[in-house]
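**Student:** Structure provided below as structure tokens; questions to follow.
The values are calculated or read from the model by the stated rules, or taken from the named source; none is laboratory data. The shown structure was predicted, so the numbers you read here are calculated from the model rather than taken from an experiment. FYI the Cβ positions are ideal-geometry reconstructions off the backbone, even for glycines, and counts take in every protein chain you see. Accessible surface is based on the protein model in full, side chains and every heavy atom, while ligands, DNA and RNA are left aside. Shrake-Rupley method; radii C 1.70, N 1.55, O 1.52, S 1.80 Å.
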Amino acid sequence: MTTSFAELGLNEQILAGVDALGFTTPTPVQEQAIPLVLEGRDVVASAQTGTGKTAAFTLPALQLVLGHLAQPHEGAEDPEAAQPEAPAQEEAPTEEPAPRRRRRRRRRGKGRGESSPIQGTPGYGPYALVITPTRELAQQIEKVASAVCEKTGQRAVIVMGGAKFDRQVAQLSAGCDLLVATPGRLIDLMERNLVKLDQVEVLVLDEADRMLDMGFWPSVRRIMHAVPERRQTLLFSATIPPSIKSTIDAMLTEPATVEIARIGETADTVEEHLCPVTQGQKTQLLQALLERGNPERVLVFCRTKSRVDEVSAVLKRAGVKADVMHADRRQEAREKALAKFRDGRVQVLVATDVMSRGIDVSGIDAVVNYDVPMDPEDYVHRIGRTGRAGATGHAYTFVAPDEITPLREIEYFTKKLVPVWDLEGFAYDDGRIVPNERRSTTKTSRSLFSGSRSRAKGPRGGRYGRHY
């Protein structure tokens, strides 16, 4: 029996926003997560890319803070503002003790037109805060939030690097119910005393596995120290690896777990192909792959920004319509590149790993891992850009002899082998390593001296020959 959004506990205003977004039936992660969030629970949710995680936290978060609309947001004098709040003892007693995560009493008397003790600080809010690693993801979340806010009367603000600083400060000064931010820009605003997070009741970490790793964790920790301790915390990602479990346990209180896919599971709509090749032939293989199938949209992932630029330049010289996305490009250029790729004006978009979590384009025919990702979780995110919305997609992973180790880590992580695939008619160099079909997906421990004799045999007979 199909569940409707109304059955999840969403109110009429939020449901109007759901209709505006064109959503009809909740996805599994939405069906399971939304009621838990509305209950006030801390939630840890993992689901494959393209399964609607953004709406799964945005819709209930906006509903939880919807009561703030009772405040005088238009600068009108609020007769209740001058009245002291009723003493806590006068409130009707509840039958059961309130849970620790019960939402705080709302602050009154700060409308949009009132001054704030800190210049640039919002007159109200934010009451919900979403932290996400990339600008593209921030824009996607803000797009969903804004569509709902048009129906609820709330305000959503986005702050991120690469955008005009003064404009973002002005938007914050007008107040907001929900703030979507990338860590770097939010820290910058906090250091300049231009934003306060002491009214945050719902904190969301999108792409939680990336937000809690060593790259982002120092910034995230500072942000968490700035928000109230009594808050509701939601962690959403395609992968929740065991390595961050201790951090999650310290951040959340008795969280509910929503696991749509097991750790490392890839979408069954994606056909995975392992392409053994030498480093010197990767560009030739990519060009041959594009010529053979003539796909409309191909997303190519490289390990470094310089590598992205090099691959794109080679493709352009060969007459392929290509563009690039990485952190060194201006935000305007990144948006244009993504728009051209989405519209079909560019056939190939070459990107770095961080973009694997911020590219939401329908109809991507294939993903090419030009370089094997060093982080197995990035592999899951990369190939999840294709095969979305039930369509079949293809993922090609080019593996050179020096990329054996990261490839094996991916297969250990996903618990399955990536099938070997050769492009018919392509003349491969003899130096490539073709995997052994009987290789294991279970990582075994080896003694200090294990394999020392076989390593002397070289790439064709040593450890690679045994494992591959």
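**Student:** If r is the Cβ-Cβ distance from T405 to E259 and R0 is 25 Å, what FRET efficiency results, to the nearest 0.05?
**Tutor:** According to the calculation, E is roughly 0.30.
**Student:** Oh, and also: Heads up, I need the accessible area for I260: 1.4 angstrom probe, whole protein in place, Å², nearest 10.
**Tutor:** So the heavy atoms of I260 present about 60 Å² to solvent.
**Student:** Please compute the Kirkwood hydrodynamic radius over region 202-314, one decimal place, Å, based on all pairs of different Cα atoms.
**Tutor:** 17.9 Å is the Kirkwood radius here.
**Student:** Then there's this: For region 185-272, state which trypsin sites (Lys or Arg not before Pro) are in a DSSP loop and have at most 12 other beta carbons lying within 10 Å of their beta carbon.
**Tutor:** Passing sites in region 185-272 are R230, R262.
**Student:** Over 10 Å intervals from 0, what percent of Cα-Cα pairs in region 281-391 sits in each interval?
**Tutor:** 15, 53, 31, 2
**Student:** Peptides 55-65, 397-407: what's the order by average Cβ count within 10 Å, highest mean first?
**Tutor:** Output ranking for 55-65, 397-407: 55-65, 397-407.
**Student:** Another question, if that's okay. Quick one: Debye curve from the alpha-carbon atoms of region 337-430 only, equal weights, vacuum; give me log10 I(q)/I(0) at q = 0.12, 0.17, 0.21 Å⁻¹ to two decimals.
**Tutor:** Treating every Cα as an identical point scatterer, log10 I(q)/I(0) equals -0.42, -0.83, -1.16.
**Student:** Past 27 Å, Cα to Cα, is the threshold; run K196/K336; K53/K336; K321/K415; K164/K336; K336/K415 against it and keep the listed order. Present the calculation step by step, with values, prior to reporting the outcome.
**Tutor:** Working: K196/K336 32 Å; K53/K336 25 Å; K321/K415 36 Å; K164/K336 17 Å; K336/K415 38 Å.
Violating the 27 Å limit, Cα to Cα: K196/K336; K321/K415; K336/K415.
**Student:** Ok, one more. Expressed in nm to one decimal, what extension gain is obtained for the pair A170 and R192 from 0.36 nm per residue of sequence separation less their Cα-Cα distance?
**Tutor:** Full extension of this stretch gives 6.5 nm more.
**Student:** Please work out how much length the chain gains when fully extended from A333 to A226, using 0.36 nm per residue of separation minus the C-alpha to C-alpha distance, in nm with one decimal.
**Tutor:** 35.2 nm
**Student:** Taking the simple approach of a point 7 Å from Cα along Cα-to-Cβ for both F426 and N294, what is their distance in nm?
**Tutor:** Placing both labels 7 Å beyond Cα along the Cβ direction yields 1.9 nm.
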